[in-house]
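The values are calculated or read from the model by the stated rules, or taken from the named source; none is laboratory data. The model shown is predicted, which means the values in this text are computed figures rather than measured ones. Quick reminder, even Gly has a Cβ in these numbers, built from the backbone with ideal geometry, and neighbours come from all protein chains shown. Heads up: the accessible areas ignore ligands, DNA and RNA and are worked out on the full protein's heavy atoms, side chains in. Shrake-Rupley method; radii C 1.70, N 1.55, O 1.52, S 1.80 Å.
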2 protein chains.
Amino acid sequence: MEIVQHLSKEKLEKAAFILKTVAHPTRLAVIDLLSYREKMSVNELCSVLDCEQSLLSHHLINMKLKGILNSQKDGQNVYYSLKEKDVVKLISCIENCDCNM
Amino acid sequence: MEIVQHLSKEKLEKAAFILKTVAHPTRLAVIDLLSYREKMSVNELCSVLDCEQSLLSHHLINMKLKGILNSQKDGQNVYYSLKEKDVVKLISCIENCDCNM
DNA sequence: CAAATATATGAACATATTTTCATGTAAAAA
DNA sequence: TTTTTACATGAAAATATGTTCATATATTTG
């Protein structure tokens with residue numbers, strides 16, 4: 001009886017890495033919003049999400065760094081958009097789960 | 001121009017919560033293994049995953065607590081199985097993502 | 001019953017993540 | 001050209017998570 005893992009250590013680490021950068025209410029909300037609106041400025045996101053500017057900035061920059069978001073400067077504004085659109089699927093995927101809390 | 005979030009704070013928090021408990025290489029590996037094998041004992045998981053017993057136990061109990069796993073004692077062994085099978089989808093879902101690292 | 005095996009537990013420690021706050025920079029407006 | 005607006009940055013503080021280690025408990029075996 002031989003049991004082997006079929007997912008490599010690298011794949012597991014990459015998957016965990018992506019999941020971790022998504023696993024936060026604010027960041028999920030950003031992803032969700034950007035799945036409906038092509039792009040949004042930091043300010044717009046700030047007010048919709050009711051999140052402090054600096055904190056949101058940290059989140060956005062982090063998500064960009066990790067390949068999930070894109071940013072594009074236009075005048076004073078910086079518009080963020082989804083780079084990795086597949087992450088949106090994670091949301092609908094998780095909505096079916098019925099885990100305890 | 002009115003922008004609203006369509007996901008409630010509760011939904012976002014629940015989703016982030018589940019994603020967080022999944023977002024770890026070892027825990028992902030457990031989920032993956034249990035998607036192929038109905039159930040596995042702590043010992044089996046330990047050796048396949050090459051993970052220290054106590055550490056794995058902590059992970060398993062945590063996942064059980066959070067509604068992802070089930071456990072069932074049989075003699076000296078404790079068999080863990082997937083309770084929330086939908087989480088398996090997260091793995092294939094994430095495998096398509098192409099984020100930077 | 002003593003020893004061995006399988007698992008759990010909890011505290012201490014290490015590390016990582018999140019949040020806050022004060023301040024910096026660049027563009028636009030007054 | 002000062003002020004305002006939008007955003008970024010970085011360090012400190014707060015919090016959460018992961019890991020280790022020593023030990024406990026239950027079950028089985030000799």
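Go through the stretch B:18-37 and give me each residue that's within 15 Å of DNA strand C (Cβ to nearest atom) and either over 30 Å from A:Ile3 (Cβ atoms) or charged (D, E, K, R) (or both).
Let us first name the residues in the stretch B:18-37 that are within 15 Å of DNA strand C (Cβ to nearest atom), namely B:18-28, B:30, B:33-34, B:37.
Within the stretch B:18-37, B:Lys20, B:Arg27, B:Arg37 qualify.
Here is a check on your reading of the model: is A:Leu7 out of contact with any strand residue (DSSP E or B) (no Cβ under 7 Å at 6 or more places or on another chain) and either at pLDDT 95 or above or within 12 Å of DNA strand C (Cβ to nearest atom) (or both)?
Details: out of contact with any strand residue (DSSP E or B) (no Cβ under 7 Å at 6 or more places or on another chain): yes; either at pLDDT 95 or above or within 12 Å of DNA strand C (Cβ to nearest atom) (or both): no.
Criteria not met by A:Leu7.
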In the stretch B:42-67, which residue that is within 11 Å of chain A (Cβ to nearest Cβ) and within 14 Å of DNA strand D (Cβ to nearest atom) is nearest to the chain's Cα centre (by Cα)? B:Met63
Count of the stretch B:68-93 residues which are within 16 Å of DNA strand D (Cβ to nearest atom) and at pLDDT below 95: 2
Inspect the stretch A:47-56 for any residue being on the phi > 0 side of the Ramachandran plot and part of a loop (DSSP other than H, G, I, E, B) and give the result as yes or no. yes
Breaking point among (1) open to solvent by less than 50 Å² (accessible area, probe 1.4 Å); (2) part of a strand (DSSP E or B); (3) among the polar types (S, T, N, Q), for B:Asn70: (1)
Can you pull out the residues in the stretch A:10-41 that are within 12 Å of DNA strand D (Cβ to nearest atom), assigned to a helix (DSSP H, G or I) and open to solvent by 30 Å² or more (accessible area, probe 1.4 Å)? A:Glu13, A:Phe17, A:Lys20, A:Pro25
Of all residues in the stretch B:42-54, which are open to solvent by 30 Å² or more (accessible area, probe 1.4 Å) and in contact (Cβ under 8 Å) with a residue 24 or more places away in the chain? B:Asn43
Of all the residues that make up the stretch A:73-101, how many are within 8 Å of another protein chain (Cβ to nearest Cβ) and either among the hydrophobic types (A, V, I, L, M, F, W, C) or open to solvent by less than 50 Å² (accessible area, probe 1.4 Å) (or both)? 10
